[in-house]
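Everything on this sheet refers to the single structure shown next.
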Amino acid sequence: MQKEIKQSWHFKQSPEEVWEYLTKPELIEQWLMKNDFQPIVGRKFRFTFVSKPDGKYQGGLDCEVLEVKPFNKLSYSWNGGTKDGSRTFNSIVVWTLIPKDNETELQLQHTGFTIPEDLFTHSDGWKICLKRLEESINTIKQWEHNL
């Protein structure tokens, strides 16, 4: 069984601009979830969301910042479970930013899955969230351009 998610996205913004969307709580909330994130190694934080009535997962993730290399790499633990408490998952999210002619390739690696359903659900979820990130960062840039 595949045990990790690997996705790559291209942004017209610099790594510094994309980094802000990975590290500022108010910007993270625009495309991912409410959070109390701070880019400090060892800092424990939480992502929260309203779980759908028919959803399987509880409405929060307990995380800890594992690595911070500004404008280059960010990683944190990603730990949650099902609403009914029947299982938990403990995984790691790694973001890598690669500069490309003042643009950015953003790579996501999410590892540690043991159950196919969790892998597939998270893979689909990341695609949706990264599409929102793309829309969010491009909306802001378009707004700034029009000023």
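The values are calculated or read from the model by the stated rules, or taken from the named source; none is laboratory data. Just so we're clear, the structure is a prediction, and the values are computed from it rather than from any experiment. Counting neighbours? That spans all protein chains shown, and the Cβs are built from the backbone with ideal geometry, glycine included.
Per the listing 30, 2, 38, 7, the residue uniquely at pLDDT 95 or above and part of a loop (DSSP other than H, G, I, E, B) is 38. Residue 133 meets all of the listed conditions (1) within 21 Å of residue 38 (Cβ to Cβ); (2) in a strand (DSSP E or B) but one, namely (2). The listed residues are 88, 111, 104, and the only one of them that is under 15 Å from the mean Cα position of the chain (by Cα) and polar (S, T, N, Q) turns out to be 111. The set of residues from the stretch 77-90 being part of a strand (DSSP E or B) and free of Cβ contacts under 8 Å to residues at least 24 places away in the same chain comprises 77, 79, 80, 88, 90.
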